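Read the structure below first, then the notes.
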Amino acid sequence: MAEAKALQRAEELREAIVFHEHRYYVLNSPLISDGQFDRLVDELHRIEQRFPELVTPDSPTQRVSGEPAERFQKVEHPAPILSLDKATSREDLVAWLARISKLLPEETPALSYTVEPKFDGLTVVLHYRDGLFELGATRGDGRVGEDITTNLRTIPTLPLRIPVDPDGPPAPSYLVVRGEVLILLDDFAALNKRLLSSEKPAFANPRNAAAGSLRQLDSRITAQRPLRLYVYSIVTTGGPLPTTQHEALNYLTTLGFPVAGEFAVFGDLEQVADYCESMVEGRNALPYEADGIVVKLDDLATSAALGAVGGRPRGAVAFKFPAQEAITTLLDVEFSVGRTGVITPTALLDPVPIAGVTVSRASLHNFDAINERDIRIGDRVVVKRAGDVIPYVSGPILDARDGDEVEIVAPTHCPSCGEPVVHPEGETAIYCTNVACPAQLVQKLTYFAGVMEIEGIGERTAIQLVDQDLIHAPVDLYTLTKDNLMELEGFAEKKADNLLAAIAASKAQPFDRVLASLGIRGVGGTVAATLTAAFPSLEALESAPPEAIASVEGLGPITARTIVDWFARPRHQAIVDKLRSAGLNLASAQEPASVQGADPFAGLTFVITGTLSRPRNELKRWITSRGGKVTGSVSTRTDYLVAGENAGSKLTRAQELSVPILSEDDLLQLAGTSG
Ligand code: IVH
């Protein structure tokens, strides 16, 4: 590619990548699949590798830089980064208004208020010069913070250039904004799951996770953490300022900054107080943790004129939510057995309301946590609840002990099957290693059904199947008969047929799903997809040495060892044999085409749309079995669109991109067959 052409393509790609990042992260409405997005980024990387002189500082490829820093440099803020006065009740809000009303000149117009979530993350201060992100700092002591620019660049929602939309308002020559970096609750749960499955310690809460990630000296680690940014105020600017807070938020939005949609404007303080009180409950519906509501005078000139006292501006106040914790009595401990045999302790509590929800059970994490905190049955304990996260016992109140408390003893035998438990050296968990343990089998079965998308196997049915001795491993589902099912309570003809059909349909699940369904420790959906991309068949994976597995990007030696050990067990070989005889996919569909003609669609990418003569999944399988690939949306990489009746936006898109359009008949012709 000539340099001029490369330059033009790089610019197109950058614009497209920034556009799609913004659609995905900020507007929550992606227009292309993750795969298509990755291909845009890959293409840009390739061009920039070939022509390094074309790399620009705001290129989306420049979010992660090379070497770890030694330490963070200090930066002075252009204006003090103040904190807020607190209110915890309606009365406090009324008192705040009374205090400031006295200071306002008589002619002040009626006040209105902007209310915003008080994000429970880390404050950051971002500097933009001539539209380019130049510097980002922590709050520090409010006067001097630390330069964390390199880490902040890795956050995909942080605009490296403003306006993000080239048609947006022009950026002021200098702009400093303030915002909060945090981790969404769902992402936090997934992050902890990922850490635990690779045997790393989990974070206590999203805030700690965000703080730990932002203060990494190696930004490559930060880049792997799902950090989000919400911007909420303008610290200083060279240009004219919006006159109200809600206009400032709208202006920041049009520049392309991520601004939380959850803000409102009210004309009187009663409404503000109602809103704050309603959010005590309402906060549980937010996708992130908020520890209060920030109430701000909407008129920024009035707010500025009020000034600050003790480092806190008078024009705003933080309504703090009550702590999401309560004190109650630990009545007993229940032990349950998970899919991998881990025995987990659960606290049974004297029911107590926490932020509007009655809590009677809470996690005790594991036996090490119990011992470290010396938690005993009968103790008064502090129970915490954070957003959607399961409540947990954080510790006992030692002063409340009367001597009748009883130590929690780890079970020596499995509470389900009664076999002795095992406590591996160096691990916090204790395990039941009995392969026939019914509690484990029930969990394995529901997990398997979930991954293979077999509807109709919830915990109840799983218990029935295990109790009736019909299932000794999830793969036994494929040899169940209608008679077997009809024996189960609550099963009539229709239900049995439906379940058998769902089981049969699951045989079409791709290889990576089958691999994930096996329940190998550390091999969930993402790892399975990575593995099957590197080892496209079960034979290839089974015969791979641990070093080969460990060298795959995204995997490590522990998972590699677990996988090799799993396949080495005769019992697991028997399972693999059964999967094979059941006809499950034990190889990826897109293996390189060997014989031309047998794979007429090798290397071709199809998109299917509209109503066709057979179910779309069937047609999809028909195409993939001939070496083709089927994706979900039309792009420049699509070779053909197969369109049935009532084709909609995909057809239009294909026409726009001049992607050839095939009828079903055309498709058959292309394959050189008649069906
Ligand atoms: S405005 C001049 N708005 O809460 C006061 N602060 O003590 C500017 N925070 O660490 C603060 N969400 O960074 C404001 N929507 C929001 C906020 C917010 C979180 C943080 C702030 C500071 C603390 C206030």
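A short reminder: the numbers here are calculations on the coordinates, not readings from a lab. Please read these numbers as outputs of a predicted model, since none were measured by experiment. FYI the Cβ positions are ideal-geometry reconstructions off the backbone, even for glycines, and counts take in every protein chain you see.
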Pairs from LYS118/LYS384; LYS193/LYS384; LYS444/LYS578; LYS86/LYS193; LYS444/LYS507 whose Cα-Cα separation, in the structure shown, is over 27 Å: LYS86/LYS193
For VAL164, distant residues with modelled amide H under 5 Å away: GLY256
Cut-off 17 Å (backbone N to label point 7 Å along Cα→Cβ of ILE558), residues of region 365-380: 366-369
Viscosity 0.890 mPa s, 25 °C: Kirkwood-radius Stokes-Einstein D of region 532-669 over Cα pairs, µm²/s: 140
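Sort LEU195, LEU584, LEU612, LEU297 so that the residue with the fewest other Cβ atoms within 10 Å of its own Cβ comes first and the one with the most comes last.
Values: LEU195 14, LEU584 22, LEU612 18, LEU297 26.
Exposure proxy ranking, most exposed first: LEU195, LEU612, LEU584, LEU297.
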Amide H partners (placed H, <5 Å) of ILE148, local residues excluded: GLY136, ALA137, THR138
Two-site label geometry, ILE390 and SER633: point separation in nm, points 7 Å out along Cα→Cβ: 3.5
Estimated 222 nm signal from helices in the chain, with DSSP H stretches of n ≥ 4 weighted -39500 (n - 2.57), rounded to 500: -10500 deg cm²/dmol
Debye equation applied to the C-alpha atoms of region 1-109, log10 I(q)/I(0) at 0.14 Å⁻¹: -0.77
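Mind checking the full-extension length gain between ASP368 and ALA323? Use 0.36 nm per residue of separation minus the Cα-Cα distance, one decimal, nm. Intermediate values should be presented prior to the final figure.
Details: separation 45, 0.36 × 45 = 16.20 nm, distance 2.62 nm.
Length difference between fully extended and current span is 13.6 nm.
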Proximal aspartates and glutamates relative to LYS102, as straight alpha-carbon distance under 20 Å, when same-chain residues fewer than 8 apart are discounted: ASP85, GLU91, ASP92, ASP268, GLU270, ASP298, ASP299
Sorted by Cβ density within 10 Å, fewest first, the residues SER83, SER506, SER173: SER173, SER83, SER506
Segment ALA504-LYS193, length gained on full extension (0.36 nm per residue, minus Cα span): 108.9 nm
Exposure proxy ranking, count of Cβ atoms within 10 Å, fewest first, for LYS86, LYS629: LYS86, LYS629
HN-Hα J in Hz across region 318-334 - Karplus 6.51, -1.76, 1.60, θ = phi - 60°, x for Gly and Pro: 9, 7, 8, 6, x, 4, 8, 8, 8, 10, 8, 9, 7, 7, 6, 10, 10
Distance (nanometres) between label positions extended 7 Å along Cα→Cβ at ARG39 and ASP58: 2.8
Rg(Cα)/(2.2 N^0.38 Å) for region 636-675, N = residue count: 1.20
Other-chain or far-sequence residues with amide H under 5 Å of LEU604's (modelled H): LYS629
Loop GluC sites (Glu not before Pro), region 36-116 (other Cβ atoms within 10 Å of the site Cβ: 10 or fewer; DSSP): GLU70, GLU106, GLU107
The chain - Rg and Dmax from Cα coordinates, angstrom: 29.4, 88
All aspartates and glutamates inside 13 Å of LYS482 as judged from Cα atoms, apart from same-chain residues fewer than 8 positions distant: GLU493, ASP497
Unpartnered cysteines - no second Cys beta carbon under 4.7 Å - across the chain: CYS276
Region 379-454: GluC sites (Glu not before Pro) falling in loop per DSSP and having at most 10 other Cβ within 10 Å: GLU425
